[in-house]
Amino acid sequence: MKEEVSMPKRATKIVLSEKEQEELEQISRRHRSEQQAVLRAKIVLAGAQGKSNAQVAQDLHIHVDTARLWRDRWASFEGMDQETVSVRERLQDAPRPGVAPTFTPEQRAQMAALACEAPATAERPISQWTGREIADELKKRGIVTQISPRHAARLLKKGASNRIGSATG
């Protein structure tokens, strides 16, 4: 029986329009660009120059799988109008699987602020927040429409450990 030797996969060819090339170069040079977007733009630009995934990975100090992933993802948009999917959108992460977060970052900030308040300021006759008390206060203030005392207690616990960690370290 003859053993089959697998050949390495050829890198996906990338062809850029003039407009795409300009926009990618702009993203990769702009100091205010997110570093992930800069790296991804550089991967695509290097791929368009005909570099192999291994060369791109070595030049940019990344894993070859990262170079392959972003090169292939860019190629999957090929032929689409830029008005349909912009260059920036092509460089963004794919949506993550799973349930969307229950609370917005703003709600979380308001929860943390409430947890830092003394319960007496909310006219609560206790010295420390409990899960039930903070859950009731979050609903009373309209920060959330629903939260279980157990979840509220977990948020309190998280907040406390974050404060301790930042105070000592």
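Laid out as a table, the results:
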item: Scope the stretch 143-164; condition open to solvent by less than 60 Å² (accessible area, probe 1.4 Å) and either more than 18 Å from Phe103 (Cα to Cα) or modelled with pLDDT of 85 or more (or both); matching residues; result: Ile143, Val144, Ile147, Ser148, Pro149, His151, Ala152, Ala153, Ala160
item: Long-range neighbours under 6 Å by Cβ, at least six apart or interchain, first residue in contact (Cβ under 8 Å) with a residue 12 or more places away in the chain within the stretch 59-77, second surrounded by fewer than 15 Cβ atoms within 10 Å (Cβ to Cβ); result: Phe77/Val85
item: Candidates Ile143, Ile126, filtered to the one that is over 30 Å from Leu39 (Cα atoms) and without any contact (Cβ under 8 Å) to a residue 12 or more places away in the chain; result: Ile126
item: Number of the condition not met by Ser28 [criteria: (1) of a type in the set (Ser, Thr, Tyr); (2) touching a Leu at 6+ places or on another chain (Cβ under 7 Å); (3) in a loop (DSSP other than H, G, I, E, B)]; result: (3)
item: Verdict on Pro119 being over 30 Å from Gln26 (Cα atoms) and surrounded by 14 or more Cβ atoms within 10 Å (Cβ to Cβ); result: yes
item: Some residue of the stretch 77-92 being touching a helix residue (DSSP H, G or I) at 6+ places or on another chain (Cβ under 6 Å) and open to solvent by 70 Å² or more (accessible area, probe 1.4 Å); result: no
item: Long-range neighbours under 7 Å by Cβ, at least six apart or interchain, first residue within 16 Å of His151 (Cβ to Cβ) within the stretch 100-113, second surrounded by 15 or more Cβ atoms within 10 Å (Cβ to Cβ) and of a type in the set (A, V, I, L, M, F, W, C); result: Phe103/Val144; Gln107/Ile143; Gln107/Val144; Gln110/Ile143; Met111/Leu138; Met111/Ile143; Met111/Leu155
item: Residue that is most open to solvent (accessible area, probe 1.4 Å), among those in the stretch 13-46 that are modelled with pLDDT of 85 or more and among the hydroxyl-bearing types (Ser, Thr, Tyr); result: Ser17
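The values are calculated or read from the model by the stated rules, or taken from the named source; none is laboratory data. Predicted, not measured: the structure shown is a model, and the values here were computed from it. A quick note on method: Cβ atoms are made from the backbone with ideal geometry, for glycine too, and the neighbour counts reach across all protein chains shown. For the accessible areas, the whole protein counts, side chains as well, though only heavy atoms, and no ligand, DNA or RNA atoms are used. Shrake-Rupley method; radii C 1.70, N 1.55, O 1.52, S 1.80 Å.
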